[in-house]
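Okay, structure first, notes after.
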Amino acid sequence: MPVPTAPTQATLITEALAMAGERNPSSAITTRAGLWFEEIKNDIWRKEKKLKSLQQTCYAILQKGQARYSFPSSFSSEISMTILDGNRTGTAQAGTASSITLAASETAGDADLIGKEIIVTSNTGIGSFGQIVAYSSSSKLATVVPDFQTAPDSTSTYMIIDNEYELEQRHIGDFKQFQQSFLDRPRKYFPLGDEDYGEFILNCPPDKLYGARIRYYVNIMTLDNSGTLYATLLQQWRNIWLQGIIYRRLRDADDSRSNDEFTKYRGELQSLINREKYGTDLSNLRDVVSDFA
């Protein structure tokens, strides 16, 4: 059975306008429907900012001596930050989206690197990350899953991860209390700024190069409309996009059905929040019986 074609913003607009009675919409109406998409995103954003589908992970490179870094452009709020460290480093001989050829000097055996994670630390593909699922000590070829975000090449340096250290989040008001001026492995980080100008400060300048895994919630209002996550949201949240446009088109046309469609839209919005917000998904509830006798 073929996989259904993933919707795009344009196809959802066409479908919703047709459902609202606009079989041959003018370009002006179609353009306005694009603005309605932004309104729907804003409705979701105002209702709840921490939704499961808005969780994202990115990887950063912490440079020796540098304690201050910007959050990703789509950042809304942080979940966690982890330091990544390893002693196996080198410059790749070659790379593809799903593999990297390690340095000729690498001495690991075939089974030594299976399951290890690897991060590109400079040049082409910097910040790309994957887990090694196959390795040949003779060819030095390591196959990774998932694919690197950007394929490395012969200029790329890498680190194979041996240790992970969770950083403790602290309020920026506590920074002076924990600040260290000497080089060391960071233990804490301090978020600073807001959703538009977010950055973080480490409690000390790193004593060497480290990787960092940053788990965070995406700001849907600044999310790249051409990216993979947005395409996923178009598919997973299909009902809310359609109903939001149907209601707005009937409202603009002063159609008497708009009130009913608004009620449906409001219901779809609340259903989305209930489904996507932690602690409100009834499918995850479990009954526990305890004996206090």
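The values are calculated or read from the model by the stated rules, or taken from the named source; none is laboratory data. Every value quoted in this text rests on a predicted model; they were computed, and no experiment measured them. For neighbour counting, all protein chains shown are included, and Cβ atoms are generated from backbone atoms with ideal geometry for every residue, glycine included. For the accessible areas, the whole protein counts, side chains as well, though only heavy atoms, and no ligand, DNA or RNA atoms are used. Shrake-Rupley method; radii C 1.70, N 1.55, O 1.52, S 1.80 Å.
Quick rundown of the values:
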| item | result |
| --- | --- |
| Strands (runs of 3 or more DSSP E) within the range 1-117 that include 2 or more residues open to solvent by less than 60 Å² (accessible area, probe 1.4 Å) | 55-62, 75-85, 94-96, 99-101 |
| All positions within the range 253-286 that are at pLDDT 95 or above, among the acidic types (Asp, Glu) and either in contact with a strand residue (DSSP E or B) (Cβ under 9 Å, 6 or more places away or on another chain) or surrounded by 14 or more Cβ atoms within 10 Å (Cβ to Cβ) (or both) | 261, 268 |
| Tally of residues being of a type outside the set (Ser, Thr, Tyr) and under 24 Å from the mean Cα position of the chain (by Cα) across the range 232-256 | 9 |
| Residue in the range 247-261 that is closer than 18 Å to residue 33 by Cβ and among the aliphatic types (A, V, I, L, M) present | yes |
| Failed criterion for residue 6 (all others in (1) modelled with pLDDT of 95 or more; (2) touching a helix residue (DSSP H, G or I) at 6+ places or on another chain (Cβ under 6 Å) hold) | (1) |
| The lone exception for residue 150 - which of (1) touching a residue at least 60 places away in the same chain (Cβ under 8 Å); (2) out of contact with any Phe, Trp or Tyr (no Cβ under 6 Å at 6 or more places or on another chain); (3) under 30 Å from residue 276 (Cβ atoms); (4) β-branched (Val, Ile, Thr) it fails | (1) |
